[in-house]
Amino acid sequence: MRKTYLIAIIDDHSRLIVFARFYLSETLKSYLDAFENALARRGLPRKLYVDNGAAFRSRHLEYITASLSIALIHARPYKPQGKGKIERWFKTVRTRFLFNYSAFSLDKLNADLNQWINEDYHQKKHTSTGQTPFDRFTSQMHCLRSAPANLKNYFRKVARRTIGKNRTITLNGRLYEGPVALIGKRVLITALERLSPSTAARLWARILYIP
């Protein structure tokens, strides 16, 4: 099996793992997939604390968190203390889950990880809190907001384009026609990463003119 990367999101208060998955890359696209799944599964937090790497300073992530009223906070450079909780959890994964473990597929690896998190990690008392992550998290559910039904729309790719004289815009390597009234204008486009024909037909309803 190819090299994999574990991306995880931890709840600071309870140490509950909101979402975790092994991916074949550690790009922004992989992180956004994990983030979207986390929100859909556990609700919207008030703050999101992320690394200081270039991927986490993308305008796309800023747009998503702002749209969902989530404060985006970056770790201070060269200050590993701020990432201590998630780093300790990664160590727990290495010693309690991955030790002497072998898998022959990514799907199997992630299925076993999810089972271990829910049946083992979430059910054992944490030495710092004195509670299981699951019990501590579920006792404070009132602090969370439910994810909107159209959550996927908030993860649409954001791009700025100028509509050409021939009414065209290029997005994701594909050519589209824009409204005549916006020829020569700078516009903001939000679109899903992968556009189906039906999605493309609705694309222009999500073009915003930037004065």
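Laboratory data are not the source of any read-out in this text; all were calculated from the coordinates shown. Source: prediction; values computed, not measured. Backbone-built Cβ (ideal geometry, glycine too); neighbour counts: all protein chains shown.
Tabulated data
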{"read-out": "Cleavage-rule hits, chymotrypsin sites (Phe, Trp or Tyr not before Pro), segment 1-93, DSSP coil, Cβ neighbours within 10 Å at most 14", "value": "Y78"}
{"read-out": "Proportion of all alpha-carbon pairs of the chain beyond 27 Å (%)", "value": "43"}
{"read-out": "Segment A66-A111, length gained on full extension (0.36 nm per residue, minus Cα span)", "value": "13.0 nm"}
{"read-out": "Segment 3-34: trypsin sites (Lys or Arg not before Pro) falling in loop per DSSP and having at most 11 other Cβ within 10 Å", "value": "K3"}
{"read-out": "Straight-distance crosslink candidates among lysines, where the alpha carbon sits under 25 Å from K185 and sequence neighbours closer than 8 are dropped", "value": "K157, K165"}
{"read-out": "Folded to 0 to 90 degrees: helix 106-119 orientation relative to the chain principal axis, Cα", "value": "50"}
{"read-out": "FRET efficiency estimate (nearest 0.05) - Cβ-Cβ, S58 to L151, R0 25 angstrom", "value": "0.85"}
{"read-out": "Eligible lysines near K108 by straight Cα distance, threshold 19 Å, same-chain separation 8 or greater", "value": "K3"}
{"read-out": "Cα long-axis angle, helix 28-42 against the chain (0 to 90 degrees, to the nearest 10)", "value": "70"}
{"read-out": "Set of lysines near K85 by C-alpha distance (under 17 Å), chain-local residues within fewer than 8 positions excluded", "value": "K47, K124, K125"}
